[in-house]
Amino acid sequence: MKAVLVECLVNGEKTKIKELEALAKSRGYQVVANIMQRRRKPDPAYYIGRGKLMELKEIVEKTGAENVIFSNTLKASQAFRIRRELGWRANVIDRNLLILEIFEERARTAEAKLQIELARLYYMLPWTREYVRFRNLYGEQVGWGALGEYLHRVYEQHIRKRIARVEEKLEKIRMKNVSRIIKRHELGLPEVTLTGYTQAGKTELFNRLAMENKPTGLGPFTTLSTYARRMKLKGRGDIILTDSIGFIEDMHPLILEAFYATLHELVLADLIILVVDASEENSELKRKIDASEEILRKVAPATPKIVALNKIDLIDDLRIKKAEKIAKEYFPYDQIIPVSAKYGYNLEKLVEAVRKEIKYEYV
């Protein structure tokens, strides 16, 4: 699947084209070209300017790309205007839909699949409406033989009924999850949750600590649903160690809402270990820590945290010190511990910090 990546930077925004490229390749797209544009404000019709749109059209025709992926969040009307200009030959999606495609490919549990379906249904509702409107405007009859306003309402009613069914199923799963965590607390089993930006090495750290062999190295969002194991702490009893979904910057609120059941593990956790990739360049490190801190502040502001600076085997002491300083700016009152999940460096120090932080109040 050939794809052209497009990014429009408004008012001095920092580029995320490399992250978009990693996401696209993880999904299986063959990236044939990148297009970037800087503007004072997005074009209301196409997001990018008319001239840049013509450049995109030429590249699509020259490379034979079947897909165009925008780093920016597109309105449904913008996506279909772009498709119209390209002659409907290329599928046009934005970063949010790309993330949902990756989620769908990686989902294994019933809960994850339902959460992804719910996110897609909510996000695609206006896209479906615009799709029907645009195709009818250009002389194509879409769907069950109806046209215009009637067809739009039939589509919308069908989607809203499916949303209601999925939400009902998810609510039952959420209640079971809450009951399970409460039961663990009653049994004196505190919950420690690993979280952090996608590809920070959470699952590798989980495997080391819990002596598991979950798949790693599959690209962004290897973990889509929580995975828990009982772990023994010397002299302190047992805990439940949980691996959770990775964060990503500017995730659409509808996607975050659909993954509430997964993120809810953070709210109910007794301790959060925030895993950070310390080998990133300083600007990337700041961006990803900032995104993680913002999500944690919204989802679990009162939960104690330990920051694990992972992948120190890839950097020297000077860069480790710099990473610690950056992390301290965002988490001034939390412990910052440099570790290497791959080689086991400093894991005993991390476990000791968990021992001191955990309080067995439930026994």
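What follows is calculated from the coordinates using simple rules that are stated; it is not laboratory data. These numbers come from a predicted model, not from an experiment. Cβ: placed from backbone, ideal geometry, glycine included. Neighbour counts: every protein chain shown.
Expressed in nm to one decimal, what extension gain is obtained for the pair ARG165 and ALA45 from 0.36 nm per residue of sequence separation less their Cα-Cα distance? Please list the in-between numbers first.
Details: separation 120, 0.36 × 120 = 43.20 nm, distance 3.49 nm.
Computed gain between ARG165 and ALA45 is 39.7 nm.
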Looking only at aspartates and glutamates whose Cα falls under 19 Å of LYS2's and that sit 8 or more positions away or on another chain, we get GLU19, GLU21, GLU55, GLU58, GLU61, GLU66, GLU85, ASP94, GLU101, GLU105
With a 22 Å threshold on alpha-carbon distance, the violating pairs from LYS113/LYS288; LYS113/LYS176; LYS16/LYS41; LYS14/LYS52 are LYS113/LYS288
If each part is reduced to its alpha-carbon centroid, segment 36-90 and segment 311-363 end up apart, in Å, by 44
Under 15 Å by backbone N from the virtual spin label 7 Å along Cα-to-Cβ at MET1, the residues of segment 85-107 are 90-107
Most exposed to least, judged by fewest other Cβ atoms within 10 Å, HIS158, HIS185 sort to HIS158, HIS185
Once both label points are put 7 Å beyond Cα along the C-beta direction, the ASP250-ARG230 separation in nm becomes 4.5
Computed about the Cα centre, the charge dipole of the chain from +1 Lys/Arg and -1 Asp/Glu charges at the Cβ has a magnitude in debye, to the nearest 20, of 440
For LYS349, counting only lysines whose alpha-carbon sits under 20 Å away and dropping same-chain residues fewer than eight positions off, the answer is LYS202, LYS232, LYS234, LYS305, LYS311, LYS321, LYS322, LYS325, LYS328, LYS359
Residue-ordered couplings for segment 43-49, obtained by feeding phi - 60° into the Karplus form 6.51 cos²θ - 1.76 cosθ + 1.60 and rounding to whole Hz (Gly and Pro as x), are 5, x, 8, 10, 6, 8, x
Going fewest to most other Cβ atoms within 10 Å around each Cβ, ASP277, ASP250 line up as ASP250, ASP277
Taking r as the C-beta separation of MET124 and LEU9 and R0 as 35 Å, the FRET efficiency to the nearest 0.05 is 0.85
Final fewest-first order of TRP127, TRP88 on the 10 Å Cβ neighbour count is TRP88, TRP127
Cβ-Cβ cut-off under 10 Å around ALA3, Lys and Arg +1, Asp and Glu -1: the net charge is +1
Rounded to the nearest 0.05, FRET efficiency between LYS298 and VAL32 (Cβ-Cβ, R0 41 Å) equals 0.65
Output for segment 30-67: trypsin sites (Lys or Arg not before Pro) sitting in coil per DSSP, at most 10 other Cβ within 10 Å, listed by number, reads ARG40
Each label sits 7 Å from Cα toward the beta-carbon; between GLU104 and MET211 the label points are separated, in nm, by 4.1
Taking R0 as 22 Å and r as the Cβ-Cβ distance between LYS113 and VAL178, the FRET efficiency 1/(1 + (r/R0)^6), rounded to the nearest 0.05, comes to 0.65
Taking Cα pairs closer than 8 Å and at least 6 residues apart, the relative contact order of segment 2-103 in percent is 34
